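**Student:** Have a look at this one.
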Amino acid sequence: MEQKLTFDDGILRLDVNGNGLLCFNPSDFNVYQRFCALLKELPVLEEQYRTEVEQIPEDASEGEIIELAGKELDRAKEIDTAIKQKLSGVFGANNDFDKLLGGVNLMAFGSNGERIITNLLNALAPYLENGVKKHMQDAAADAVQEAKLSRAQRRAKQ
């Protein structure tokens, strides 16, 4: 007979623009570390996108523009897919970022003029920062409690 084990795993479930739930533990240092690594990598990815996708020579003919646009659209999709895979690597493979973002390319711009990836990471940062801060505060409180207990045990032996 199958039994069910249920416990508090600290998973936060965020509805992402009505497209689905992003699930992760914001106090998990592994998630935080991967998130910070992606933040550092993002400027490189954006520059790669600008140089590989957003560059059409000004003197290109109409035929060349159409041919280049097709190649650039393919490359834009490749970069978008690669970044979404990186996001799944940060937050867990169970999170489908293409679905969560409604199929929008992460290099597209929001109405605020920022890229979608930038808006997403900026929106997620407070959750991760608060989760890690809470984890560190709890760990510090546990260490203080353990030190007090150890001190009390030493005094009791005297």
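The values are calculated or read from the model by the stated rules, or taken from the named source; none is laboratory data. Computed from a predicted model, the values in this text were never measured in an experiment. Ideal geometry is used to build each Cβ from the backbone, glycine not excepted, and the neighbour counts take in all protein chains shown. Just so you know, the surface numbers come from the protein's heavy atoms only, side chains and all, with ligands and any DNA or RNA stripped out. Shrake-Rupley method; radii C 1.70, N 1.55, O 1.52, S 1.80 Å.
**Student:** Out of the residues in region 10-31 that are open to solvent by 70 Å² or more (accessible area, probe 1.4 Å) and over 12 Å from the mean Cα position of the chain (by Cα), which is nearest to V90 (Cα to Cα)? Don't jump to the end; show me each part of the working.
**Tutor:** The initial filter retains those residues of region 10-31 that are open to solvent by 70 Å² or more (accessible area, probe 1.4 Å), namely 13, 15, 17, 21, 29-30.
This time we only want the ones that are over 12 Å from the mean Cα position of the chain (by Cα), so: 13, 15, 17, 21, 29.
On the way: R13: 15, D15: 17, N17: 19, L21: 15, F29: 11 Å.
So, considering only residues that are open to solvent by 70 Å² or more (accessible area, probe 1.4 Å) and over 12 Å from the mean Cα position of the chain (by Cα), the one nearest to V90 (Cα to Cα) is F29.
**Student:** Filter region 43-84 down to the residues that are under 21 Å from L121 (Cβ atoms), part of a helix (DSSP H, G or I) and among the aliphatic types (A, V, I, L, M) and list them by number.
**Tutor:** Across region 43-84, the qualifying residues are V44, L45, A76, I79, A82, I83.
**Student:** Additional query: Could you check how many residues of region 37-52 are surrounded by 12 or more Cβ atoms within 10 Å (Cβ to Cβ) and more than 30 Å from K133 (Cβ to Cβ)?
**Tutor:** Kept after step one, since they are surrounded by 12 or more Cβ atoms within 10 Å (Cβ to Cβ), are these residues of region 37-52: 37-39, 41-42, 45-46, 48-49, 52.
Now restrict to residues that are more than 30 Å from K133 (Cβ to Cβ): 48-49, 52.
So the count comes out to 3.
**Student:** In contact (Cβ under 8 Å) with a residue 60 or more places away in the chain and over 25 Å from K133 (Cβ atoms), is that true of D74? Steps first, answer last, please.
**Tutor:** Values: in contact (Cβ under 8 Å) with a residue 60 or more places away in the chain: no; over 25 Å from K133 (Cβ atoms): yes.
For D74, the condition - in contact (Cβ under 8 Å) with a residue 60 or more places away in the chain and over 25 Å from K133 (Cβ atoms) - is not met.
**Student:** Output the residues belonging to region 83-128 that are in contact (Cβ under 8 Å) with a residue 60 or more places away in the chain, more than 18 Å from R34 (Cβ to Cβ) and open to solvent by less than 40 Å² (accessible area, probe 1.4 Å).
**Tutor:** Within region 83-128, L101, M107, R115 meet the criteria.
**Student:** Sticking with this structure for a sec: Can you tell me which residue among Q3, Q85, Q55 is at pLDDT 95 or above and over 30 Å from N130 (Cα atoms)?
**Tutor:** Details: Q85 fails: over 30 Å from N130 (Cα atoms); Q55 fails: at pLDDT 95 or above.
After applying the criteria, what remains is Q3.
**Student:** Related question: Of the conditions (1) within 21 Å of L101 (Cβ to Cβ); (2) open to solvent by 40 Å² or more (accessible area, probe 1.4 Å); (3) free of Cβ contacts under 8 Å to residues at least 24 places away in the same chain, R34 fails just one. Which one is it?
**Tutor:** (3)
**Student:** Turning to a different aspect of this structure: Residues in region 95-124 that are over 14 Å from the mean Cα position of the chain (by Cα) and hydrophobic (A, V, I, L, M, F, W, C): how many?
**Tutor:** Count: 4.
**Student:** Just name the residue that is farthest from V53 (Cα to Cα) out of those in region 85-119 that are hydrophobic (A, V, I, L, M, F, W, C) and part of a loop (DSSP other than H, G, I, E, B).
**Tutor:** A93
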